[in-house]
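The structure under discussion appears below in the form of structure tokens.
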Amino acid sequence: DPVVAASERSEGYRNYAMVNYLKSFGNIENSVEDVLDFYFHQCSISMSCRDLSNASIIFANDGKVMGSDREFLTGRQVKRINALMQTCGFYDEAGEFS
């Protein structure tokens, strides 16, 4: 959603500060603008409930899409990603949720 991405960009002061801080330590190789443009667009993806469930089913189905035996992620990878999302993916709500 380009409107949401533009809104995120116009209010992303902390994001700019954090990316510049990380870049000052050599942890970011790309331009700050490119990194944040990608980030703001990722934060503004528009999906229906069905789209979201289809996109995330592999995390609940051992790395496989429903109705398929094709493994996109190993069980170990799924476990790590799920742990990261649980502790970091809900911002302020992560602690309460966990």
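What does the charge count near Y39 come to, summing +1 for each Lys or Arg and -1 for each Asp or Glu among other residues with Cβ under 14 Å from its Cβ? Residues close to Y39 contribute a combined charge of -2. Full extension of the chain between Y13 and F38 gives 7.4 nm of extra length, using 0.36 nm per residue less the Cα-Cα distance.
For the chain, modelled as a GNM whose springs connect Cα atoms under 10 angstrom apart, the maximal fluctuation among S56, S31, S44 occurs at S31.
Angle of helix 75-88 to the longest C-alpha principal axis of the chain, folded into 0 to 90 degrees and rounded to 10: 40°.
In this Cβ point-charge picture (+1 for Lys and Arg, -1 for Asp and Glu), the chain has a dipole of about 360 debye about its Cα centre.
Applying both filters, DSSP loop and at most 16 other Cβ atoms within 10 Å, to the GluC sites (Glu not before Pro) of the range 4-50 gives E11, E29. Taking every protein chain into account, the accessible area of the range 13-76 amounts to 80 square angstrom per residue (probe 1.4 Å). Once the Kirkwood radius over Cα pairs is known for the chain, the Stokes-Einstein relation at 10 °C and 1.306 mPa s delivers a diffusion coefficient of 100 µm²/s.
Neighbours of K23, meaning other residues whose beta-carbon lies under 15 angstrom from its beta-carbon, give a summed charge of -3 when Lys and Arg score +1 and Asp and Glu score -1. Charge tally for V4 (other residues, Cβ to Cβ under 14 Å; Lys, Arg +1; Asp, Glu -1): -3. A simple spin-label model places the labels of Y21 and A6 3.0 nm from each other, with each point 7 Å out along Cα-to-Cβ.
The values are calculated or read from the model by the stated rules, or taken from the named source; none is laboratory data. Treat the numbers as computed from the prediction; the structure is a model and nothing was measured. Backbone-built Cβ (ideal geometry, glycine too); neighbour counts: all protein chains shown. All accessible areas refer to the heavy atoms of the entire protein, side chains included, with ligands and DNA or RNA removed. Shrake-Rupley method; radii C 1.70, N 1.55, O 1.52, S 1.80 Å.
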